[in-house]
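Q: Quick one: the structure is below, and I'll ask about it shortly.
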Amino acid sequence: MISVHSFYVLKQTCSTRSTRQDFFFLCRSLSLFLSVSLFCSPSLLLAPSLSIYFLSLPISYLHSFYILCTLFYFLCYLLLSVSFHSLLLFFSSLCHRRSVSRGSYQLQAQMNRAVYEERPPGALVPTSVAEASRAMAGDTTLSENYAFAGMHHIFDQHVDSAVPRLQFANDDKHLLACCSLDGTLSIMTLSPSPPTVKVTLKGHAGPVTDFAWSLSNDIIVSTSQDGTLRIWNTEDGRCIREVVDPEASELLCCTFQPMNNNLTVVGSSKHLLQVVNISTGKKVKGGSSKLTGRVLSLSFDAPGRILWAGDDRGSIFSFLFDMATGKLTKAKRLVVSEGSSISSISARSWISREARDPSLLVNACVNKLLLYRVVDNEGTLQLKRSFPIQHGSQPLHSIFCPLMSFRQGACVVTGSEDACVYFFDVERNTKAIVNKLQGHSGPVLDVSFNCDESMLASSDATGMVIIWRREQK
């Protein structure tokens, strides 16, 4: 009945218009209407009366309805296409994020290695940040940036006893501290002039081997050959807590966990590495490990997830640090030189604004300063290059420059047994020495820059501390 009526209406319409164009137009309109009906609601196809009504409409109405249906059909198609494409992009990016998150550190390291392998020796990896920084500095060279005007001050309160460590306070231009084998530590201030010893920390019964500033500079932790770890108030020099090593071993080095200054890692003469909670004075469960020799040096990466430890047998161990529990997991071992002491380790995520790869600077009693590249998230090391210095037996230390002067290239500074302080450009293959400071009367054991690089401090085996003033450009 519906089919007969539909054909009748169709025939009447065509006979009225008597044009083949209207007939085809009506067929297209009917087809489009059925398609839209199928897309929007299949139930429309089950309504014969609606279909009959559509066929009985005048052809002038169908023109308008055809346009509306065409627009509506196109809009629906567009929405479907966009939605489907968005779903594909979402699932694709989700899979990509999962794959990258599992190995982001390895991926970045592989990219860094590829960049270095492709570029010629000594060439820089240009970045927009580096170009902007270089423009601010006027494109000055490392030699120009590390020209020193001379000695600013000499501290001699520890004369005749070696000063193995010294360090400027965090983000401070005028406050620094040092420790001595005479059993004391000194906190010094360079401003107001003249520079003075602010406070002396007394309490250790043996030579002080190492110390570290807290992030807020309100406390200092120190280790000593008397087998104790002490926590000091930097304002009045008061000893807040003393932690005695249960193994009765000499404590040789210490460092704060960078993301949690409540935890300190300590190395001992009995080959032990231990995480200590300085608030309670107790060792953290699972936070201990044993090395092949006396633990002499420690350094965390910037996020505090990897810890490197060096011993007197020439080995560097990497440990994964659990941020939540303080647990240490041994990861990798590198033998730098069998039987040589690893006296210093310094980690840096960026060597310079043009070289993004994480690096480790190592003093290892092999008459060389060693620069390693960190190649994965377990702290695996790959030798990048070395610099000649006199280093056979003394506990020398080195540092990366703070990079505050927006210069081209990158620089490291180290002490030496020839009583000099050396500056090396890590990007220069030949004649890498940028500057050499002379003035000490014994092996230079440690060096430290303040936060804006206006001052450099160095200490030696005779107990002298020299403050060097950099020339202002």
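Q: For region 444-456, name all the residues that are of a type in the set (A, V, I, L, M, F, W, C), in a strand (DSSP E or B) and surrounded by fewer than 24 Cβ atoms within 10 Å (Cβ to Cβ).
A: Those that are of a type in the set (A, V, I, L, M, F, W, C), in a strand (DSSP E or B) and surrounded by fewer than 24 Cβ atoms within 10 Å (Cβ to Cβ): 449, 455.
Q: Could you go through region 388-408 and let me know if any residue there is of a type outside the set (Lys, Arg), more than 21 Å from residue 337 (Cβ to Cβ) and assigned to a strand (DSSP E or B).
A: Yes - at least one qualifying residue is present in region 388-408.
Q: Take region 372-400 and flag every residue that is within 17 Å of the chain's Cα centre (by Cα) and of a type in the set (A, V, I, L, M).
A: Residues satisfying the conditions are 374, 375, 381, 399.
Q: Same structure again: Under the condition of being touching a residue at least 24 places away in the same chain (Cβ under 8 Å), among the polar types (S, T, N, Q) and closer than 24 Å to residue 302 by Cα, which residue from region 235-273 is surrounded by the fewest Cβ atoms within 10 Å (Cβ to Cβ)?
A: Top of the filtered list is 260.
Q: Has region 315-328 got at least one residue that is part of a strand (DSSP E or B) and open to solvent by 20 Å² or more (accessible area, probe 1.4 Å)?
A: Yes, there is a match, as at least one residue in region 315-328 is part of a strand (DSSP E or B) and open to solvent by 20 Å² or more (accessible area, probe 1.4 Å).
Q: Which of the residues spanning region 274-286 are on the phi > 0 side of the Ramachandran plot and open to solvent by less than 30 Å² (accessible area, probe 1.4 Å)?
A: 281
Q: Could you look through region 329-338, keep only residues that are within 19 Å of residue 386 (Cα to Cα) and not hydroxyl-bearing (Ser, Thr, Tyr), and pick out the one that is most open to solvent (accessible area, probe 1.4 Å)?
A: Per the criteria, the residue is 338.
Q: Being among the polar types (S, T, N, Q) and within 16 Å of residue 455 (Cα to Cα): is that true of residue 186 here?
A: no
Q: Being more than 34 Å from the chain's Cα centre (by Cα) and of a type in the set (S, T, N, Q) is the filter; apply it to region 185-201 and report the residue that is farthest from residue 401 (Cα to Cα).
A: 200
Q: Does residue 293 fit the bill of being assigned to a strand (DSSP E or B) and in contact (Cβ under 8 Å) with a residue 12 or more places away in the chain?
A: Spelling it out, it is not the case that residue 293 is assigned to a strand (DSSP E or B) and in contact (Cβ under 8 Å) with a residue 12 or more places away in the chain.
The values are calculated or read from the model by the stated rules, or taken from the named source; none is laboratory data. Values in this document were obtained by computation on a predicted structure and should not be read as measured data. Here the Cβ is made from the backbone with ideal geometry for all residues, glycine too, and neighbour counts use every protein chain on show. SASA here: full protein model, heavy atoms, side chains in, ligands and nucleic acids out. Shrake-Rupley method; radii C 1.70, N 1.55, O 1.52, S 1.80 Å.
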